[in-house]
Amino acid sequence: MTWTRKILRVNLTAGTCQAEPLNLEWARQYLGQRGLATKYLVEETDPKVLPLAEGNKLIFATGPLTGTSASTGGRYAVVTKGPLTGAIACSNSGGYFGAEMKFAGYDMIIFEGRSEKPVYLLLENDEARLLDAAHLWGRTCWETEELIKHAHQDPQLRVASIGRAGENGVLFAGIVNDLHRAAGRSGVGAVMGSKNLKAVAIRGTRTDAYAPADPEGFFKAVAAAKAVLAGNGVTGQGLPAYGTQVLMNVINEVGALPTRNHKEIQFEGAHAISGEAMKQPRDSDGKPNLVTNNACFGCTIACGRISKMDKGHFAVKDKPQYHGASGGVEYEAAWALGAACGVSDLEALTYANFLCNEDGFDPITLGTTIGAAMELYELGLIKKEEVGFGLEWGSAEALVKLAEMTAQGVGFGKVIGLGSRVLCTSYGRPDLSMSVKGQEFPAYDGRGLQGMALEYATSNRGACHVRGYMVSPEVLGIPLKMDPGATEGKAPMLKAFQDLTAVVDSAGICLFTTFAWGGPDIQSMIQPALGGDWSLERLMLLGERVWNLERAYNLAAGLTGKDDTLPPRLLNEPAKTGPMKGKVAELGKMLPEYYQVRGWTPDGVPTPETVARLGL
Amino acid sequence: MQKSLKMDPNKCTGCLQCEMACAYEHHHTFTISRSRIKVFGFEDEGRKVPYTCTQCDEAWCLHACPVEAIVLDPATGAKKVLEDLCVGCKVCTIACPFGTVNYVAATGKVQKCDLCDGGEPACAGACPTGAITYVDADWTGLDRMRRWAGRTDNNPAAV
Ligand code: SF4
Ligand code: SF4
């Protein structure tokens, strides 16, 4: 089977590293990665713990398809209680790091306690050591990765680290691996920083840690599933060519591109920051922003963007360190740093995105928080003197400066680093934080896509697009076309998407496969990988179990059904333009039905029958 | 017809399916440290480059081996390591100008690409982008030739 059946427990307070067997009973109920790590967190921690307190745990987890030849099988997740939301936080990442954990022989690493001094974990197969990280503290993720490889004379180490954002308590700090892949959302990097854990460096060379239960069946299923990805228009052509940025113009035309802190729903500068624009030669230097596409481990889609900036752009004119190729903007980042702030300077967005990768923080929350600050500034609530410069809508200069200040933890960057909920509340306008449960929206407007409104309100980690991607049915017609403006049928479809996504995440593969793969494709690989009975019904029930376990954790943490809501702007201010003109998010029409199809009470609590049915 | 592995780095995305396929073919593991093909990232330039043994005709490794553990496979043209004979002296790893023969501490022998003993090599079969192909050894330049040929202007109207 493709679990290694072993986990590593690192007690940072005591400075000990101890391997232990994986709880296989839990693995059969929660599969791996997101689901299984949540189960461990629930069993081992107090849900009321303060996210940045010593009692919180930080779990790095792989799935059974991580480190296999299943396409996109390279993902790991970081699960903890999130400081941005006070809810469950689970953020996954691609790159090469996740597979290396499996090669070293571990399904999971659980970090508990807090180290007195900065340390990093060096893990080479059976040998796990906590090493002094004093010389790495204050360094960026990029420097940290290089310094660790250099110190151990091993360029084949894979490193996941926090940058200065995670050290400084930026509430949306992420964990960056392989230079530009990140467990980006929900502030998992801030938790890592609070534990004084700077980095995890792994080299795995074990050849006997795991293998498919039925190799022949596995390779057959993997090959068939790869052919499905290659033959699909989105995964075979759109994503490799344009990345997720293929969506910018599409979503703008649909009338669901939130603009200037959701004041508007279409952005006049959308084309300038789109995937198409990234491929156009620039006026300034005749070269395109996009250099090439890149893949994560095992991925046959290769959506990753590698960009090079215009060396003459104001943001990098005197900074040659940013003149080389690096991770370019994907759709969510381009939207948040761009449309949400009214900025249409693609180069400025690219630079801000480089900084997010370099110092480890989430470009979605960064951009939306700057957007909120711009609105507070326009309202006269934030004064120029506090910031040091103006925050006019669309100012690329302001975006660039605030991104730098957030990375460095200086000046007004310290305020931005707390996210839009804290920002807007401190200026007396909590209603202007475009967030749910404290986490900011990604790049789709709930007034334009009603199913996404429901997804945002109910997502267990706060507003999020990668828990139940209703854009698929509402815009792309996958698996069937639904009217984006309608509320009918959205609740059961969202439940199906949320449950399937929980399976995809828990398996250790990338959600983007689901543009082409359905449940049967995924089931066809899990079955021969693990052996035993892994029917689709069992997997969907497992997905539902994961969802409800996260829900139960949030309820125990103190959240209630009242938190399943949206900012008043989405509920009351109609869309001004486009096909969705006049629409608000009709959450009230969908939420009761959603609770019902979930088997929850009218207050949003799983009923005893549901709890029993799922074996929670 | 003799065939060669042909690498086109411009097509490589760095997915490492080739490394996994190689490790699995030879050692029944996904652990890529056992792969004989390696993909290198030149991140600052945005380039990924797959690289393995080119199967030299006058192979330095073969000539350097003191116990004749590296032999020519006449069917494929591959220079193969006979594990039973290899004594792990590592002289071949020093002799190879390209670094593509490597010592494996776990076995005490060296390993290098053997073209998977005939048929299509596993890496070429696994590559999703066509960055690795297995083609007529005499015509590895054919694609590039064709591309340049296409630029020849023989439009009659232009004469
Ligand atoms: S589709 Fe993109 S994000 Fe997903 S695994 Fe492939 S390269 Fe990584
Ligand atoms: S399989 Fe092909 S695209 Fe993937 S890393 Fe190897 S050569 Fe590159």
Inset, instruction - Between B:Arg146 and A:Thr607, with labels modelled 7 Å along Cα→Cβ, what's the label distance in nm to one decimal, could you check? - result: 6.4
Legend entry - Estimated Rh, segment A:65-142: Kirkwood, alpha-carbon pairs, angstrom: 14.6
Legend entry - Normalised contact order of segment A:150-191, rounded percent, pairs of Cα under 8 Å and 6 or more residues apart: 35
Inset, instruction - Report the accessible surface area buried between chains A and B, summing both sides, using a 1.4 Å probe on protein heavy atoms only, in Å² rounded to the nearest 100. - result: 2100
Legend entry - Stretchable slack from A:Ala53 to A:Asn11, in nm (0.36 nm times residue separation minus alpha-carbon distance): 13.7 nm
Legend entry - Along chain A, longest interval not containing exposed trypsin sites (Lys or Arg not before Pro), exposed being DSSP loop plus at most 13 other Cβ atoms within 10 Å: A:49-316
Inset, instruction - Express the carbon and sulfur contribution to the solvent-accessible surface of segment B:3-149 as a percent, rounded to the nearest whole number, probe 1.4 angstrom. - result: 54
Legend entry - Positive minus negative residues near A:Gly419 (Lys, Arg vs Asp, Glu; Cβ under 13 Å): +2
Legend entry - For segment A:105-121, Karplus couplings with θ = phi - 60° (6.51, -1.76, 1.60), whole Hz, Gly/Pro x: x, 10, 7, 8, 10, 10, 9, 10, x, 8, 7, 5, 10, x, 9, 10, 9
Inset, instruction - Give me the net charge of B:Glu25's neighbourhood, meaning all other residues with Cβ under 13 Å from the Cβ of B:Glu25; Lys, Arg count +1, Asp, Glu -1. - result: -2
Legend entry - Shielded by partner chains, segment A:197-242 residues - at least 50 Å² of accessible area, 1.4 Å probe, vs chain alone: A:Thr207
Inset, instruction - Would you mind getting the accessible area per residue of chain A, heavy atoms of the protein chains only, 1.4 Å probe, in Å²? - result: 31
Legend entry - Over 30 Å (Cα to Cα) - which of A:Lys117/A:Lys308; A:Lys6/B:Lys11; B:Lys11/B:Lys79; A:Lys195/A:Lys495; A:Lys39/A:Lys198; A:Lys308/B:Lys6 fall in this group: A:Lys117/A:Lys308; A:Lys6/B:Lys11; A:Lys195/A:Lys495
Legend entry - Sparse-neighbourhood loop sites, GluC sites (Glu not before Pro) in segment B:30-102 - DSSP loop, at most 11 other Cβ within 10 angstrom: B:Glu58, B:Glu68
Inset, instruction - Out of all DSSP beta bridges with both ends in the protein assembly as shown, state the antiparallel percent to the nearest 5. - result: 85
Legend entry - For segment A:89-146 and segment B:1-20, distance of Cα centres in Å: 31
Inset, instruction - Could you list which residues have their amide H under 5 Å from that of A:Lys81, counting only those 5 or more apart in sequence or on another chain, with H placed in the peptide plane? - result: A:Lys57, A:Ala89
Legend entry - Relative contact order %, chain A, counting alpha carbon pairs below 8 Å whose residues are six or more apart: 16
Inset, instruction - As a check on your grasp of the helix formula, calculate [θ] at 222 nm for the protein assembly as shown: sum -39500 (n - 2.57) over DSSP H runs of n ≥ 4, divide by the residue count, round to the nearest 500. - result: -10000 deg cm²/dmol
Legend entry - Accessible area, probe 1.4 Å, largest first, for residues B:Glu19, B:Glu25: B:Glu25, B:Glu19
Inset, instruction - Filter the GluC sites (Glu not before Pro) in segment A:494-593 down to the DSSP loop ones having no more than 11 other Cβ atoms within 10 Å, then list what survives. - result: none
Legend entry - Solvent-accessible area lost in complex, 20 Å² minimum, residues of segment A:300-316 relative to chain alone, 1.4 Å: A:Thr300
Legend entry - Extension reserve of the A:Ala486-A:Thr425 stretch, reckoned as 0.36 nm per residue once the Cα distance is removed: 18.7 nm
Inset, instruction - Determine the relative contact order of segment B:3-149: mean sequence separation of Cα pairs under 8 Å and six or more apart, normalised by residue count, in whole percent. - result: 29
Inset, instruction - Run down the lysines and flag those whose C-alpha is under 18 Å from the C-alpha of A:Lys263, throwing out any fewer than 8 positions away in its chain. - result: A:Lys576, A:Lys581, A:Lys583
Inset, instruction - State the percentage of accessible surface on chain A attributable to carbon and sulfur atoms; use a 1.4 Å probe and exclude ligands, DNA and RNA. - result: 53
Legend entry - From phi via Karplus (6.51, -1.76, 1.60), per-residue ³J(HN,Hα) for segment A:456-470 in Hz, x at Gly/Pro: 4, 5, 9, 4, 5, 10, x, 3, 6, 9, 9, 10, x, 7, 5
Inset, instruction - Would you please give the residues with an amide H less than 5 Å from that of A:Ala302, counting only those at least 5 places away or on a separate chain, with H modeled from the backbone geometry? - result: A:Cys296
Legend entry - Hz values of 3J(HN,Hα) by residue in segment A:307-314 - Karplus curve (6.51, -1.76, 1.60), Gly and Pro given as x: 10, 10, 7, 6, 4, x, 5, 4
Inset, instruction - Jot down the radius of gyration and Dmax of the protein assembly as shown, Cα atoms only, both in angstrom. - result: 26.1, 85
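The values are calculated or read from the model by the stated rules, or taken from the named source; none is laboratory data. Please read these numbers as outputs of a predicted model, since none were measured by experiment. For neighbour counting, all protein chains shown are included, and Cβ atoms are generated from backbone atoms with ideal geometry for every residue, glycine included. Heavy atoms of the whole protein, side chains included, go into the accessibility calculation; ligands, DNA and RNA do not. Shrake-Rupley method; radii C 1.70, N 1.55, O 1.52, S 1.80 Å.
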